[in-house]
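Below is one structure, written out as structure tokens; comments come after it.
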Amino acid sequence: TLWINFSTQVFQAVGLGYGEPAEGLMKRKPRDPEAHILPRSKLLWLALVGGVMGAAAIGVLAWADSHYTTEIARTMGMTSFAIANLFYSFCERDERMSVFSLDVLRDRKFLMFSGASILAIILAPQLNMLNRILQTTPLTLHQWLICIVAALATVALTEIRKLMLRRREAEATALAVE
């Protein structure tokens, strides 16, 4: 929905844009100025991540629709998608370093804007005024946990990719040394 775009995603974009650069960023080989800003491999990666986010949200929505009301199911689907976006922004702070490295804790601006995203995600279903505007409904702790667990699929996928990139980089370095 537009709510996710104008709240969660905007806060995360500002946090990523104005936050601290990834550690060692300036030591990396620069991108070829003639290369595409979004090469095909990156576009395919973004399509895959977006597909996983969408599938997780639709999965939550479909499951919740058979266990709760349609209104709760829609709210859970939107919430899991918003949380997945939040998690993905943490994953994309550094293309190689694990999101679990805790490097993010040094970036106060990113954390501040992430806090605004978290607040927007929580308020959408929990605040009565927003319930009427967004046609959401309050969620229970159990429902929130389901949304969070589903959103973690994005983190798992990203961590697998980062592991592969680090291995590929280590192999290239080892070959260059020989």
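The values are calculated or read from the model by the stated rules, or taken from the named source; none is laboratory data. Quantities reported herein were computed from a predicted structural model and do not represent experimental measurements. Keep in mind that these areas ignore ligands, DNA and RNA; they rest on the heavy atoms of the full protein, side chains included. Shrake-Rupley method; radii C 1.70, N 1.55, O 1.52, S 1.80 Å.
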How big is the accessible area of Ser89 in square angstrom, nearest 10, if you roll a 1.4 angstrom probe over the protein chains? 10
If you average the alpha carbon positions of segment 100-134 and of segment 1-52, how far apart do those two centres end up, in angstrom? 19
Pairing the Cα long axis of helix 70-91 with the longest principal axis of the chain, what angle in degrees results, from 0 to 90 and rounded to the nearest 10? 20
Might you tell me the accessible area per residue for segment 29-110, computed with a 1.4 Å probe and given in Å²? 59
Could you state the angle between the C-alpha long axis of helix 108-126 and the longest principal axis of the C-alpha atoms of the chain, as a value from 0 to 90 degrees rounded to the nearest 10? 20
When the accessible area of the chain is split by element with a 1.4 Å probe, what percent falls to carbon and sulfur? 68
Gaussian network model of the chain, springs between alpha carbon atoms under 10 Å - residue of Arg31, Arg167, Arg93 with greatest fluctuation: Arg31
Please compute the contact order of the chain in relative form: average sequence separation of alpha-carbon pairs under 8 Å and at least six residues apart, divided by the residue count, as a percent. 33
Cα extents of the chain along the principal axes, largest first, in whole Å, come to 62, 32, 30
